[in-house]
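These notes are about the structure you will find just below.
What follows draws every value from the coordinates through simple rules; no lab data is involved. This structure is a prediction, so every number in the text was calculated from the model and none was measured. Note that we place each Cβ from the backbone using ideal geometry, even for glycine, and neighbour counts take in every protein chain shown.
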Amino acid sequence: MPILYIVATPIGNLKDITHRALEVLHGVDVILCEDTCVTHKLLSHYGIKKPLESYHQHSRLAKADHILEMLAEGKNIALISDAGTPGISDPGGMLVEAVRERFYDAVKIVPIPGANAALAALSVSGFPADRFLFLGFPPHKKGRKTYFEKIAATEETIVFYESKHRIIKALEELSRIAPARPVMVARELTKQFETLYHGTAGECLAQLKKDKILGEFVVVRGL
Ligand code: SAM
């Protein structure tokens, strides 16, 4: 039975990949990825040579059909994203749905778990993590206000992603809606400039502004 593997890859440090993930990437017929350059770097680090095909959430229908055809031919496929776990604020979900719809249980879908920026940040936040709400990226414009209002009204630990372009705005917004709540901002996890900022949103903002606003960010808001 053909298998579609959903494989987690590192979020920065190339060592953060499981033995099983490497075994699967070595063994499959094709690897679907977002950016072939990013994937090439990972694969060449581990001496893996495989046909790569690009796959984005918005890949045309023809692309999805092509992938379904490869599975129908009996090929084993691994889907990876540029970093972390596919499907989590990354392409993956639609492909899994399409494969399940077309093949039901004639294609096995297998998760290969590993790195994920949201969970890595949560694990060092010190905030309650038995229950938490993951909100992905805040919308850029439409829906942004409602997004932060939802955060203000939620009595749970909240985790969200933000880019270097909007992290300042997001912290300003958090500071406005819930000025006293504890926040942790995780920057560049597992990478050379990994930094954890703790305090209220306003305090994190002040610390962050002293540094260069570079890299990738996860924000965790405590209770
Ligand atoms: N699928 C990925 C995962 O499992 O974490 C997330 C992909 S999402 C497109 C990319 C966002 O994740 C970045 O903009 C940032 O908010 C967060 N992120 C990814 N790697 C990170 C890292 N090393 N440090 C901090 N945040 C990171």
Q: Using Cα pairs closer than 8 Å and at least 6 residues apart in sequence, work out the relative contact order for the chain, in percent.
A: 22
Q | Dipole of the chain, positive direction: furthest Cα of Gly136, Ser44, Thr200, with charges on the beta-carbon | A | Thr200
Q. Among Thr190, Thr146, Thr39, which one moves the most in a GNM of the chain with springs linking Cα atoms closer than 10 Å?
A. Thr146
Q | Of the trypsin sites (Lys or Arg not before Pro) in the stretch 129-162, those whose Cβ has at most 10 other Cβ within 10 Å and which sit in DSSP loop | A | Arg131, Lys141, Lys142
Q. Under 29 Å Cα-Cα from Lys75, which lysines qualify once same-chain neighbours fewer than 8 residues away are excluded?
A. Lys15, Lys41, Lys49, Lys50, Lys63, Lys108
Q | √(5λ) per eigenvalue of the Cα gyration tensor, the stretch 37-94, largest first, Å | A | 20, 16, 10
(Q) What number results when the radius of gyration of the chain, computed over Cα atoms, is divided by 2.2 N^0.38 Å? (A) 1.12
Q. By count of other Cβ within 10 Å, fewest leading, how are Phe217, Phe193, Phe103 ordered?
A. Phe193, Phe103, Phe217
(Q) Which GluC sites (Glu not before Pro) in the stretch 68-170 sit in a loop by DSSP (not H, G, I, E or B) and have at most 16 other Cβ atoms within 10 Å of their own Cβ? (A) Glu73, Glu155, Glu156
Q) Where in the stretch 105-123 does the label zone of Glu23 land, with the point 7 angstrom along Cα→C-beta and an amide N cut-off under 13 Å? A) 112-113
(Q) Quick check for me: using +1 on Lys/Arg Cβ and -1 on Asp/Glu Cβ, what's the dipole size of the stretch 3-112 about its Cα centre, in debye to the nearest 20? (A) 240
(Q) Need the full-extension length gain, Lys145 to Asn13, defined as separation in residues times 0.36 nm minus the C-alpha distance. One decimal, nm. (A) 44.1 nm
Q. Sorting Cys33, Cys204 on the 10 Å Cβ count, fewest up front, what's the list?
A. Cys204, Cys33
Q) So, with +1 on the Cβ of K and R and -1 on the Cβ of D and E, and no other charges, what is the size of the charge dipole of the chain about its Cα centre, to the nearest 20 debye? A) 660
Q: Please build a GNM for the chain, connecting alpha carbons under 10 Å apart, and tell me which residue among Ala115, Ala170, Ala106 fluctuates the most.
A: Ala106
Q. In whole angstrom, how far apart do the alpha carbon centroids of the stretch 117-173 and the stretch 1-37 sit?
A. 28
Q) Can you pull the percent of Cα pairs in the stretch 3-112 with separation above 18 Å? A) 42
Q: Work out the FRET efficiency for Ile168 and Gln192 from their Cβ-Cβ distance, taking R0 = 22 Å, and round it to the nearest 0.05.
A: 0.50
Q: Report the FRET efficiency, 1/(1 + (r/R0)^6), for Gln57 and Arg176, where r is their Cβ-Cβ distance and R0 is 35 Å, rounded to 0.05.
A: 0.65
